[in-house]
Amino acid sequence: MRPIQMVDTKSQYLHIKAEVDSAIHDVLDTAAYINGKPVQDFSTALSQYLQVKHTIPCANGTDALQIAMMALGLEPGDEVITPSFTYIATTEVVALLKLTPVFVEVDPKTFCIDPNSVRKAITSKTKAIVPVHLYGHAAPMEEIMQIAKEFNLFVIEDNAQAIGCDYTFSDGTVKKTGTIGTIGATSFYPSKNLGAYGDGGAIFTNDDSLAAKMKMIANHGQQKRYYHEVVGCNSRLDSIQAAVLNVKLTHLDRYNKSRQSVAAFYNAAFANHPNIITPFVADYSTHVYHQYTLQLKNADRDALSEYLAQHKIPSMIYYPVPGHKQDMFASFGLPQINLPITDELTACVISLPVHTEMEQDQLQFITQHVLNYLNQ
Ligand SMILES: *Cc1c(COP(=O)(O)O)cnc(C)c1O
């Protein structure tokens, strides 16, 4: 059996080496390292794939979220509602822009933002909601969009973990996550479902004027060179990363399918186990399994992780400390915040290896050891 890894980008590369190498060599031959043709090509191809009007490539997913929030004209002190149970980037940019993060609960089944908790958190200062499609499952966008409409709020989707995920509305309309809110943001960090060979990110919108504004912000606040209209930043996807992503985008659906078959294997092995809750998939969402995350009940999660490590099986805790308990937000008076579901999930989740190159004997070995530990 091959050694088990949380992600295996090397083996994935070897299957598409000829395509990727040739795309990278084209960039080297033209020497257009910044804003080369692959960047425009990728932006067009991704818009087409997602069925969204505008895709603005940028340097990473954190920048994508930041640029989105900068474009909405939010003022210091404006409140932005976000789940506490997410990666730090989602909430960090809120604080960085001197906006106030308002942490709310997630649904313990989907791990995504809870619309009831959002409603309770709305004040006269609330300006935006940032749902996160955590682990590859969609947040309940139909309800979130309804709340946003009711209270006139912006919605920024953090789609860093769910590119390719489909959302089905109650009238049967299907949209890709990241294209439903005011703006969507994603990351091409190498381990993401659509990963580059370095950093990268993108912002999506169907709004022409927001698109123009975000393009300008990502480019030092200029539309015309050396004429800077607003304070922006420097956030570019380089041509080599775009060339890699152009190739990998054509494989994305296949990659997500292979993640789904890994999840199906795990689900079958763990079905009805008294200590395990396997990932839930809501009627409205597909699941692209950026992570395969179990909830352990009445079992020692950290001891399981330790036991797996002894057998050379990696596992991860995403995330060991929720946003509302991070020191970086201490100045927002967060210690008083009480999010029991988030705290409970933080203590019981464990993510098992899921990637496009997993083999049956590895999956057999992992499930066997999880069950051995729990049944001993
Ligand atoms: C990865 C990730 C980001 C940030 O992306 P980077 O490219 O690493 O900056 C933001 N939000 C979530 C939920 C993520 O998983």
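Points worth noting:
- Gyration tensor over the Cα atoms of the stretch 73-154: the corresponding equivalent ellipsoid has semi-axes (square roots of 5 times the eigenvalues, largest first) of 19, 15, 10 Å.
- Computed over neighbours whose Cβ is under 10 Å from that of Ala347, the net charge equals -2, Lys and Arg +1, Asp and Glu -1.
- A crude spin-label estimate for the pair Ala330 and Ala212, with each label 7 Å from Cα along the Cβ direction, gives 4.6 nm.
- Take Thr168: with every protein chain present and a 1.4 Å probe, its accessible area is about 50 Å².
- Under the Karplus curve 6.51 cos²θ - 1.76 cosθ + 1.60, θ = phi - 60°, whole-Hz ³J(HN,Hα) for the stretch 123-130, x wherever Gly or Pro sits: 10, 5, 8, 5, 10, 8, 10, 10
- Within the stretch 245-293, the percentage of alpha carbon pairs spaced more than 17 angstrom apart rounds to 44%.
- Ala303-Asp21 FRET efficiency (beta carbon distance; Förster radius 45 Å; 0.05 resolution): 0.50
- Residues Asp361 and Met316, FRET efficiency given R0 of 30 Å [Cβ-Cβ distance, rounded to 0.05]: 0.90
- All other residues whose Cβ lies under 12 angstrom from that of Ser170 are scored, Lys and Arg at +1 and Asp and Glu at -1, for a net of -4.
- Annotation: extensible slack from Leu14 through Ala121 equals 33.7 nm (criterion: 0.36 nm per residue apart, minus Cα-Cα distance).
- Förster radius 25 Å - calculated FRET efficiency between Ala31 and Arg225, Cβ distance, rounded to 0.05: 0.80
- Rolling a 1.4 Å probe over the protein heavy atoms leaves Cys165 with an accessible area of roughly 0 Å².
- Charge-dipole axis of the chain as Lys and Arg at +1 and Asp and Glu at -1 on Cβ define it, positive-most pick from Ser47, Thr179, Ala160: Ser47
- Here the 3J(HN,Hα) profile of the stretch 213-220, calculated from phi with Karplus coefficients 6.51, -1.76 and 1.60 at θ = phi - 60°, is 5, 5, 4, 5, 4, 5, 10, 6 Hz, Gly and Pro shown as x.
- Each Lys and Arg adds +1 at its Cβ and each Asp and Glu adds -1 at its Cβ; summed about the Cα centre, the stretch 252-375 shows a dipole of about 120 debye.
- Estimated distance in nm for a label pair at Lys98 and Asn267, the labels positioned 7 Å out from Cα along Cα-to-Cβ: 4.8 nm
- Highest-fluctuation residue, Tyr226, Tyr319, Tyr307 considered, GNM on the chain with Cα pairs under 10 Å: Tyr226
- When the Cα positions of Phe188, Ile217, Ala202 are compared along the charge dipole of the chain, Ile217 comes out farthest toward the positive end, with charges on each C-beta of Lys, Arg, Asp and Glu.
- Neighbourhood net charge (14 Å Cβ-Cβ; Lys/Arg +1, Asp/Glu -1) for Lys215: +1
- Student exercise, the stretch 1-55 dipole from Lys, Arg, Asp, Glu Cβ charges, in Debye to nearest 20: 200 debye
- Note on the stretch 90-229: the alpha carbon radius of gyration divided by the globular reference 2.2 N^0.38 Å gives 1.10.
- Here the chain is treated as an ellipsoid with the same Cα gyration tensor; its semi-axes, largest first and in whole Å, are 33, 28, 18.
- Entries of Lys125/Lys297; Lys109/Lys192; Lys175/Lys213; Lys176/Lys297 with Cα pairs more than 30 Å apart: Lys125/Lys297; Lys176/Lys297
- Cross-link partners for Lys120 among the lysines, with Cα-Cα distance under 18 Å and sequence neighbours closer than 8 places in the same chain left out: Lys149.
- Net dipole in debye of the chain [+1 Lys, Arg Cβ; -1 Asp, Glu Cβ; about Cα centre; nearest 20]: 340 debye
- Compactness of the stretch 252-375, taken as the C-alpha radius of gyration over 2.2 N^0.38 Å, stands at 1.17.
The values are calculated or read from the model by the stated rules, or taken from the named source; none is laboratory data. Note that the structure is a prediction, hence the values are computed from the model and not measured. Positions of Cβ are generated from backbone atoms using ideal geometry, with glycine treated the same way; all protein chains shown enter the neighbour counts. The protein model used for the area step is the full one, side chains on, heavy atoms only, and it has no ligands, DNA or RNA in it. Shrake-Rupley method; radii C 1.70, N 1.55, O 1.52, S 1.80 Å.
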